[in-house]
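Below: one structure, written as structure tokens.
Quick note: the coordinates plus some simple rules give every number you see, no bench work behind them. Keep in mind it's a predicted model, so treat the numbers as computed, not measured. Note: ideal-geometry Cβ built from the backbone for every residue, glycine included; neighbour counts use all protein chains shown.
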Amino acid sequence: MATVAAPSGLLPEVEAFLTGGPLASVIGGKDVAGAGGTMKTLDPGSGEAIADFHCLSADDVDRAVASANEAFRKSGWATMPPNERGVHLQRLADAIEKHKKIIGQIEALDAGKLLAHAEGDVQNFIDTLRYFSDMACHVQRRNVLAVSNHEAWTVRHPWGACGFIFPWNFPFLLIGWGISPALAAGNTSVIKPAEDTPLSAIYLARLARQVGIPDGVINVVLGTGAVAGAALSGNPGIRRMSFTGSPEVGRLVGEACGRNLVPVKLELGGKGAAVVFDDVDVADTAAKLVGAITFHSGQVCCDATRWLVHKSISKQFIDECRSRLQDVKVGYQLAGGTMMGPVVNAKQRARVLSYLEKGQKEGAEAVLPGGAADVPGKKGFYVKPALLAGSLDNIAAREEIFGPVAYVATFDNEDQAVAMANDTDYGLANSVWTSDLGRAARVAESMVAGNSWINAHNVFPRGVPYGGVNKSGVGGGVNSIETLFDYWRSQSVVRPL
Ligand code: NAD
């Protein structure tokens with residue numbers, strides 16, 4: 001029996017989904033409650049529980065991995081031609097498209113996202129799934145090798161059961177980025193969503209069942225990171241592992257996979273720089289960077305959180321940013337006119353506030369002090385955008401805050417700007433802002449990270465690899481043809497002539 005009441009004004013399908021009793025994991029096509037007790041998931045905008053769900057024990061998670069392995073061996077998924085698998089995946093994409101409003105509302109409620117952003121994430125999932133399912137039909141899986149006195153070739157096979165652990169900031173979109181290439185390549189999956197945002201994953205597993213994806217191809221396991229997440233990453237039956245989340249947990253997942261010699265892809269945090277030269281349109285650049293740092297309340301791994309600005313325009317740039325940040329309307333994520341919603345939970349709000357305090361204690365100037373925000377009638381987890389300025393030695397300029405907090409520092413010349421951008425342990429994404437495209441390309445290539453953008457931030461066209469280096473990631477990225485190849489193991493075959 002559900003012990004929560006759905007908020008008013010929801011689509012009837014969303015209300016029924018939320019209140020239909022504690023939600024269960026989906027393993028081998030069946031709903032499985034498991035032995036890990038129950039938890040509640042909250043609406044970050046109201047602070048109230050919106051659904052109950054059952055958590056799995058470690059043994060339950062092991063059963064999900066066994067189910068994914070059995071589906072790999074017996075369901076025909078791994079051996080069917082890619083175009084036949086593609087029919088299944090396109091049907092799933094169609095079903096998601098048909099339910100886009102419902103999933104969008106569920107995601108907005110669970111993750112505290114603005115409705116338009118949540119629906120954008122659902123569309124992104126659909127497009128990613130279609131992209132990889134088409135690609136898998138068209139790439140070469142067999143290559144003949146020219147070797148004297150031998151007939152030789154390589155062939156690519158799916159690995160088997162693939163594990164996926166996801167964070168709470170883009171729950172549905174990241175599942176799409178993760179499982180689309182894996183499934184298109186013929187693998188099966190076990191997905192562990194974050195305990196703060198389990199809902200859209202369950203909705204997905206139910207849709208997959210409805211459209212006839214073979215049982216066991218998409219398993220969703222609910223529970224805590226310490227139990228369900230650790231059981232998944234430590235299971236030797238997983239043939240490939242993908243983790244998206246913090247470097248701290250990424251290290252644990254990497255260790256567990258290392259012990260079992262399971263290949264692992266880690267997509268971790270960031271502390272990106274935006275390098276702003278003195279030949280930009282200051283108002284336009286300020287508007288775009290303010291848009292980026294307030295998008296999803298700054299809970300974006302690849303955000304530009306260090307704004308490195310040429311000294312000669314720094315006053316004008318800071319003034320522009322201050323006034324634009326002040327104008328950002330913080331509010332409930334489903335209310336019209338809201339420009340920035342809540343952060344995901346009380347812990348995240350406390351984290352943001354503590355970095356503001358520690359940063360100022362270490363000498364940062366509070367250009368805009370930020371702090372907790374009040375939204376009338378709502379007891380959610382709101383913060384105001386903040387802008388700090390000062391030396392890059394400051395804790396707020398070095399550590400990932402994961403909130404709407406930007407940090408400005410100034411530079412005199414290009415070499416200094418690049419050195420400042422690279423003075424970080426992270427290496428996910430940076431941007432350079434200038435009207436000199438030669439300089440733009442030079443600086444873009446000199447910043448040590450997986451991704452550089454020019455006169456833009458947070459740009460993800462499918463086909464462009466996206467991933468991190470150093471503390472931001474290991475083992476390849478997402479969203480390109482390389483990602484599909486990651487989900488095939490390569491085998492060589494040789495016959496002496
Ligand atoms: P987190 O690392 O706390 O949790 C991520 C997932 O790991 C959750 O599902 C959690 O339940 C699970 N987990 C926790 N402990 C575990 C354990 N011991 N073993 C296995 N799994 C465990 O991260 P978060 O707070 O959910 O997300 C924020 C972080 O994610 C930030 O650092 C952000 O930069 C990063 N992130 C990176 C990308 C990327 O593409 N590089 C994308 C989104 C988020």
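Here residue 77 meets the list (1) in contact with a strand residue (DSSP E or B) (Cβ under 9 Å, 6 or more places away or on another chain); (2) closer than 24 Å to residue 142 by Cα; (3) free of Cβ contacts under 8 Å to residues at least 40 places away in the same chain almost entirely, failing just condition (3). For segment 333-341, does any single residue satisfy the condition of being within 16 Å of the ligand (Cβ to nearest atom) and either under 23 Å from residue 469 (Cα atoms) or among the hydrophobic types (A, V, I, L, M, F, W, C) (or both)? No, segment 333-341 contains no residue that is within 16 Å of the ligand (Cβ to nearest atom) and either under 23 Å from residue 469 (Cα atoms) or among the hydrophobic types (A, V, I, L, M, F, W, C) (or both).
Among the helices (runs of 4 or more DSSP H) confined to segment 408-490, the ones with at least 3 residues that are within 24 Å of the chain's Cα centre (by Cα) and away from the ligand (no atom under 12 Å from the Cβ) are located at 481-486. For segment 302-311, the count of residues that are free of Cβ contacts under 8 Å to residues at least 40 places away in the same chain, surrounded by fewer than 18 Cβ atoms within 10 Å (Cβ to Cβ) and not acidic (Asp, Glu) is zero. Of all residues in segment 256-299, those that are part of a strand (DSSP E or B) and within 13 Å of the ligand (Cβ to nearest atom) total 5. Among the residues of segment 331-365, just one is crowded, with 16+ Cβ neighbours inside 10 Å and assigned to a strand (DSSP E or B), namely 340. The condition of being more than 17 Å from residue 282 (Cα to Cα), aliphatic (A, V, I, L, M), out of contact with any helix residue (DSSP H, G or I) (no Cβ under 8 Å at 6 or more places or on another chain) and surrounded by fewer than 23 Cβ atoms within 10 Å (Cβ to Cβ) holds for only one of 459, 448, that being 459. Anything in segment 1-23 that is under 23 Å from residue 98 (Cβ atoms) and either touching a residue at least 12 places away in the same chain (Cβ under 8 Å) or touching a helix residue (DSSP H, G or I) at 6+ places or on another chain (Cβ under 7 Å) (or both)? List them, or say none. 6, 9, 10, 11, 13, 14, 17, 18, 19, 20, 23, listed by residue number. Residue 210 fulfils the conditions (1) more than 21 Å from residue 99 (Cβ to Cβ); (2) more than 10 Å from the ligand (Cβ to nearest atom); (3) surrounded by fewer than 23 Cβ atoms within 10 Å (Cβ to Cβ) except for a single criterion, (1). From (1) over 21 Å from residue 478 (Cβ atoms); (2) part of a helix (DSSP H, G or I), pick out the condition that doesn't hold for residue 307. Among (1) over 21 Å from residue 478 (Cβ atoms); (2) part of a helix (DSSP H, G or I), the lone unmet condition for residue 307 is (2).
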